[in-house]
1. Taking the stated definitions as given, is Lys110 surrounded by fewer than 16 Cβ atoms within 10 Å (Cβ to Cβ), in contact (Cβ under 8 Å) with a residue 12 or more places away in the chain and not hydroxyl-bearing (Ser, Thr, Tyr)?
2. Of the numbered conditions (1) more than 18 Å from Leu114 (Cα to Cα); (2) open to solvent by less than 30 Å² (accessible area, probe 1.4 Å); (3) outside any loop (DSSP other than H, G, I, E, B), Arg43 satisfies every one except a single condition; which is it?
3. Quick check on my filter: what residues within the range 250-265 are free of Cβ contacts under 8 Å to residues at least 40 places away in the same chain, open to solvent by 60 Å² or more (accessible area, probe 1.4 Å) and farther than 21 Å from Trp194 by Cβ?
4. Looking at Leu145, Leu139, which is the one that is at pLDDT 85 or above, closer than 30 Å to Ala33 by Cα and either open to solvent by less than 50 Å² (accessible area, probe 1.4 Å) or hydrophobic (A, V, I, L, M, F, W, C) (or both)?
5. Which members of the range 153-192 meet the condition of being charged (D, E, K, R) and surrounded by fewer than 22 Cβ atoms within 10 Å (Cβ to Cβ)?
6. Quick one: would you say Asp159 is in contact with a helix residue (DSSP H, G or I) (Cβ under 6 Å, 6 or more places away or on another chain) and at pLDDT 95 or above?
7. Working only within the range 141-193, note down all residues that are aliphatic (A, V, I, L, M), touching a Pro at 6+ places or on another chain (Cβ under 7 Å) and in a strand (DSSP E or B).
Amino acid sequence: MKKTTWLTLAMFAVSPIIVIALSQVRTKTEGNAVNLTQSKLQRLQPVETVIFNGDSTLLDSAGIVLQLTITTRDTVGGNCVSYSPEMFQATQKGGVLTIGLSPDGRRLVKEGHLFLEKADLSRVNPDTIYANDTLNIHLHAGPALTQVVAGANQTLVFDEARLPLLRLKAMQEVIITNRSHIGHLQMNGGTSVWVIKSEIDRFDLHLINPEVYSMTNSFGEDSRIGMLRVTGEGSIDIHNGDDIDQILLEPTPKSEDGITITGYSFKKRRQLK
């Protein structure tokens, strides 16, 4: 797992998500670095679907990952999204929320800038700037959320998210953490799934293309998956089989590769059929 991912998970373990209202401080630059100092809090109607606009190629060319963190905690006041207005924009039509780079954000990425988030430039040496390769958006949603569609260079984190049904289409990491509970998770694709201190009653995972998504890592740490149903063709690496009550494999009919399970370990007594 990437170093940035471990740092992200550590952050979730020690502190809640803090949503900050729009600051009046303008974007500051130091050399080629852009310091993203603003945070916009945008109120929303109940969100049912989240999609990203078509910025994957541009983000990939710049080596930038857009990370969306979703929580259902503290949503008594309604749904809202928090992001840097220097880089991103969010629009809602009915229950569909679209997130992506703003025109200014695209311009900054195309100009080849490095990006910092709320850094103290007086303490930064412009010759040794370590820029963020992950830029963050936070969404507070309710149980009406049932679908998220993400592309390349877009990762998803569910932090204390309690949802009865969730459909995911992902091409990168998906992290379910911090006492999240998903009743029925339906997922297409994804390079890795991390289930940490969370529960999924039923998990339907479809492996899309064995040549592109040859491995999906399902790591459980103090977690439980009631039933894991894997369809399609490809391979899946399961870190701890004791966290899964039942596994059902349904390979694509007449597929050459089928479904392969690797790293399947048990530490408790188990009867297999």
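1. Taking the combined requirement at face value, the residue satisfies it.
2. Against the list (1) more than 18 Å from Leu114 (Cα to Cα); (2) open to solvent by less than 30 Å² (accessible area, probe 1.4 Å); (3) outside any loop (DSSP other than H, G, I, E, B), Arg43 comes up short only on (2).
3. Matches in the range 250-265: Glu250, Pro251, Pro253, Lys254, Glu256.
4. Testing whether each residue is at pLDDT 85 or above, closer than 30 Å to Ala33 by Cα and either open to solvent by less than 50 Å² (accessible area, probe 1.4 Å) or hydrophobic (A, V, I, L, M, F, W, C) (or both) leaves just Leu139.
5. Once the filter is applied, which keeps residues that are charged (D, E, K, R) and surrounded by fewer than 22 Cβ atoms within 10 Å (Cβ to Cβ), the range 153-192 yields Glu160, Arg162, Arg167, Lys169, Arg179.
6. Spelling it out, Asp159 is indeed in contact with a helix residue (DSSP H, G or I) (Cβ under 6 Å, 6 or more places away or on another chain) and at pLDDT 95 or above.
7. Leu163, the sole residue that qualifies.
The values are calculated or read from the model by the stated rules, or taken from the named source; none is laboratory data. What you are looking at is a predicted structure, and each value in this text was computed from that prediction instead of being measured. FYI the Cβ positions are ideal-geometry reconstructions off the backbone, even for glycines, and counts take in every protein chain you see. Note: accessible area is taken over every heavy atom of the protein model, side chains too, but ligands, DNA and RNA are not part of it. Shrake-Rupley method; radii C 1.70, N 1.55, O 1.52, S 1.80 Å.
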